[in-house]
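Heads up: the structure comes next, in structure tokens.
The values are calculated or read from the model by the stated rules, or taken from the named source; none is laboratory data. Bear in mind that the values here come from a model prediction, so they are computed numbers and not experimental data. Every residue, glycine among them, receives a Cβ derived from its backbone with ideal geometry; neighbour counts consider all protein chains shown. Heads up: the accessible areas ignore ligands, DNA and RNA and are worked out on the full protein's heavy atoms, side chains in. Shrake-Rupley method; radii C 1.70, N 1.55, O 1.52, S 1.80 Å.
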Amino acid sequence: MANAKNERTFIMVKPDGVQRGVVGDVLHRFERRGYKLVALKMIQAPKVLLESHYAEHKGKKFYEPLLTYIGSGPVVAMVWEGLNIVSVGRKMLGATDPAKSEPGTIRGDYGIVTGRNIVHGSDSETSAQREIDLWFRPDEINQWPHTAEKWIYE
Ligand code: IDP
């Protein structure tokens, strides 16, 4: 369990989340929970990046509209670190379809339809590693001592 606190996930506020003004709230939720922000940038993603990011959905009906939607404006890409961050992060986001998301989750508080669901979060540790490597260079990931850590973990 020594390195479990170093688990990482890739979280992205999608262009609708940026336009809706919820970037601060998404950051605030992860910060308040006790997770550690290690990378963050605003970027309008080129199509090639989105094709790689969403490769598993190529050929599906929503694939092209998805690429257009995510590429339509800047996103806020982040890497967060902490114990069970991948699975807890997904819970904080809510279900893919906001209509099925519990109130209190990000999508459950801000979204109505799947095609405008505000945020992305990696669905496994393997996807997280792949997505972090896609969106960030190694030197963009920060190492810093989280001084509150002793109050967050026993
Ligand atoms: P996830 O984002 O919750 O992991 P995935 O099934 O991997 O969900 O889908 C990736 C993204 O593709 C979703 O977040 C959503 O933006 C979009 N998407 C998935 N299914 C549909 C759909 O049926 N209609 C429109 N967009 C969809």
- Message: Every residue in the range 125-151 that is within 16 Å of the ligand (Cβ to nearest atom), of a type in the set (Val, Ile, Thr) and open to solvent by 90 Å² or more (accessible area, probe 1.4 Å), please.
- Response: Thr126
- Flag for Ile11 being β-branched (Val, Ile, Thr), within 15 Å of the ligand (Cβ to nearest atom) and over 16 Å from Ile132 (Cβ atoms): no
- Task: Using the structure shown, decide if Glu7 is acidic (Asp, Glu), open to solvent by less than 50 Å² (accessible area, probe 1.4 Å) and in contact (Cβ under 8 Å) with a residue 12 or more places away in the chain.
- Result: yes
- Query: Out of all the residues in the range 107-118, which are of a type in the set (A, V, I, L, M, F, W, C) and within 11 Å of the ligand (Cβ to nearest atom)?
  - Reply: Val113, Ile118
- Unmet requirement for His53, which otherwise passes all of (1) under 16 Å from the mean Cα position of the chain (by Cα); (2) more than 15 Å from the ligand (Cβ to nearest atom); (3) farther than 21 Å from Gly111 by Cα; (4) not polar (S, T, N, Q): (2)
- Answer from Gly34, Gly59 - the residue that is away from the ligand (no atom under 16 Å from the Cβ) and of a type outside the set (Lys, Arg): Gly34
